[in-house]
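Here's the structure we're looking at; comments come further down.
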Amino acid sequence: MTEVRGSDYLGPDVQGHLGDRVVPRLLVGKGVTVMKSADTLHTWTATDDVARLLVTVAQDDRAWGRPWHVPSNPPRTQREAIGDLCRVAGVDPVSVKEYPGLLIRAMGLVNPVMRELPEVAYQLEEPFILDSTAAQETFALAPTPWMTRWLG
């Protein structure tokens, strides 16, 4: 038995905090609103890196019997990551705002996904940092360079 763990996913066509809710808006120069803190450090995991580690642990006996964190770049805040996305896309920086907590709770009354957000909100309110050193050193893997594959 083994387990592969990643943080919030990034990559083409990803549905998530910095995926389908953010990229289309910034590509046309519109500001974005993020869940919880825009300025808290967070690890972001490229989907290609998840796949690469899954293939690696399936073929390497050293992987069995423990969990592995997917090789991921150093943490970035949502605000920093959105600024990086703008640079990669070649667009002007966009404004980044946070949804007020009261609005998130109100949306939860009609949206089941938003209703569950308070249970995982700590991931965006406090630093959420994944240490992938073990997988990187054991399997000689490195994370996809920051922002090279985000926009497809």
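A few notes on this one:
- Residue list for segment 12-42, filter: among the charged types (D, E, K, R) and modelled with pLDDT under 90: D13, D20, R21, K36
- Members of segment 1-16 found to be touching a residue at least 60 places away in the same chain (Cβ under 8 Å) and either part of a helix (DSSP H, G or I) or of a type in the set (V, I, T) (or both), listed by number: T2, V4
- Only one entry of V55, V4, V96, V88 meets the criterion of being more than 25 Å from P127 (Cα to Cα), β-branched (V, I, T) and out of contact with any Gly (no Cβ under 6 Å at 6 or more places or on another chain), and that entry is V55.
- Inspection of segment 116-138 identifies no residue that is of a type in the set (F, W, Y) and more than 27 Å from G31 (Cβ to Cβ).
- A count restricted to segment 94-152 and to residues that are under 30 Å from R66 (Cβ atoms), assigned to a helix (DSSP H, G or I) and basic (K, R) stands at 0.
- Listed by first and then second residue, the pairs with beta-carbon distance under 6 Å, at least 6 apart or on different chains, first residue in segment 63-78 and under 18 Å from Q136 (Cβ atoms), second acidic (D, E) and assigned to a strand (DSSP E or B), are P67/E3.
- Residues in segment 17-54 that are part of a strand (DSSP E or B) and crowded, with 19+ Cβ neighbours inside 10 Å: 6 in all.
- From the list L103, L117, the lone residue that is touching a residue at least 40 places away in the same chain (Cβ under 8 Å), out of contact with any His (no Cβ under 8 Å at 6 or more places or on another chain) and more than 18 Å from N73 (Cα to Cα) is L117.
One line per residue, one yes/no per condition, for (1) among the aliphatic types (A, V, I, L, M); (2) within 13 Å of V34 (Cα to Cα):
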position	(1), (2)
V91	yes, no
K97	no, yes
P112	no, no
P118	no, no
E125	no, yes
F128	no, no
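- All conditions in (1) more than 16 Å from Q136 (Cβ to Cβ); (2) at pLDDT below 95; (3) not in a loop (DSSP other than H, G, I, E, B) hold for A58, with the sole exception of (2).
- Evaluating V57 against the criteria (1) surrounded by fewer than 17 Cβ atoms within 10 Å (Cβ to Cβ); (2) in contact with a helix residue (DSSP H, G or I) (Cβ under 9 Å, 6 or more places away or on another chain) leaves one unmet condition, (1).
- Number of residues in segment 69-85 that are in contact with a strand residue (DSSP E or B) (Cβ under 6 Å, 6 or more places away or on another chain) and buried (at least 22 other Cβ atoms within 10 Å of the Cβ) equals 4.
The values are calculated or read from the model by the stated rules, or taken from the named source; none is laboratory data. Here the structure is a predicted model, which is why all the values come from computation and not from measurement. Using ideal geometry, Cβ is built from the backbone for each residue, glycine included, and neighbour counts are taken over all protein chains shown.
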